[in-house]
1. Using alpha carbons only, how many angstrom separate the centre of region 226-256 from the centre of region 1-52?
2. What are the ³J(HN,Hα) couplings of region 187-195, residue after residue, when phi is run through the Karplus curve with 6.51, -1.76, 1.60 and θ = phi - 60°? Round to Hz, x for glycine and proline.
3. Residue by residue, what Karplus-based ³J(HN,Hα) values in Hz, rounded to whole numbers, does region 22-37 have, using 6.51, -1.76 and 1.60 with θ = phi - 60° and x for Gly and Pro?
4. How much net charge surrounds Thr156 when only other residues with a Cβ under 14 Å from its Cβ are counted (Lys, Arg +1; Asp, Glu -1)?
5. What whole-number distance in Å separates the alpha-carbon centres of region 129-151 and region 162-190?
6. Grab the other residues whose beta carbon is less than 13 angstrom from that of Ala99, score K and R as +1, D and E as -1, and report the net.
7. Just to verify a number: FRET efficiency for Asp230 and Gln123, C-beta to C-beta distance, R0 = 22 Å, to 0.05?
8. Kirkwood hydrodynamic radius (Cα pairs, Å) of the chain?
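FYI, it's all coordinate maths here, none of it is from the lab. Remember, predicted model here, so these are calculated numbers, not experimental data. Every residue, glycine among them, receives a Cβ derived from its backbone with ideal geometry; neighbour counts consider all protein chains shown.
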Amino acid sequence: MYPIRKVEQLNNEVTRMEIVAPQVSAKIKPGQFIMLRIDEYGERIPLTMNDCNPDAGTVTIVFQAVGATTKRLRHLKAGDCLLDFAGPLGRPTGLEGAARVAVIGGGLGTAIAYPQAKWLYDQGAEVDVITGFRSRELIILESEIAAHSTRQIIMTDDGSNGNKGLVTEALRRRIEEGAGYDLVLAVGPLIMMKFVCLLTKEHGIRTLVSMNPLMIDGTGMCGGCRVKVDGAYRHACVDGPDFDGHLVDFDDAMSRSKLYQSFEAEAAGHECLIGRD
Ligand code: NAD
Ligand code: FES
């Protein structure tokens, strides 16, 4: 069993949770994910690591309560336990050698982009973190990012924080100002990553994206997480989740992501009682 040490609401939609999992914490690297199961009745869900503290033996996850499992998860409290917390899974992000980096986080994707920014900044890279949210109330991890970045730019779609626009507008501005990035890393909605990649391709900047397709086993067996990269299907769970963004077929990924929407909506409103008293 994996005890929950701390639970915090970062905003109305997003929860941060610290789990005691010493073996995972000792090995997990930015970009890798875990598969958790709340109890024997629950489904397994993948969540990419937000932070870890190997000394305390903890791994931090950040999630939005959108599916059946995340809706249950957000109601758990410190002291409750998870049945399974398996990992680290996937490959760590290839960050070595980058010196001037833009890390782009779209909405909840900011939580996944944060450990990359932190790692790069701690290694001495110059790191601009550009994040985007629908409005001011949804901004997350502002102080954590401020402590681990050279520059933080927060955009809002409605301009409620005084900085209206999409992340791509801020990124274009920085590139045109001569930021001289040798790597851009983007995590967020598929449409955001697609437009980040179109922009960086124009400027010849190496770009990594974190793909987040439906996953079932997380070990390369079910085929659910296929992503088309450079004309061939790869498994996000074992070959990714990070890929060269200039080679990812985002239109294919967007159409695959819609395939299971009706099942997910049904599951979100359904509580399985089989086997319960
Ligand atoms: P959102 O829809 O509110 O978008 C966040 C930001 O992305 C916007 O504020 C904007 O700056 C940018 N954006 C959106 N559309 C854009 C466009 N067309 N061009 C340029 N920029 C654009 O995000 P949300 O509701 O918080 O959802 C988070 C998304 O992140 C989900 O789609 C989720 O699947 C994804 N996600 C991915 C991972 C991963 O590992 N890849 C992890 C967590 C979340
Ligand atoms: Fe099953 Fe990747 S999640 S193959």
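1. 24 Å
2. Listing the rounded values in order: 9, x, x, 4, 5, 5, 5, 4, 6 Hz.
3. x, 5, 5, 4, 5, 10, 5, 10, x, x, 8, 10, 10, 10, 10, 9
4. -2
5. Rounded to whole Å, the Cα centres lie 13 Å apart.
6. Numbers: positive: Arg100, Arg206; negative: Glu96, Glu126, Asp128, Asp182.
Result for the neighbourhood of Ala99: -2.
7. So, using R0 = 22 Å, E works out to roughly 0.20.
8. 19.1 Å
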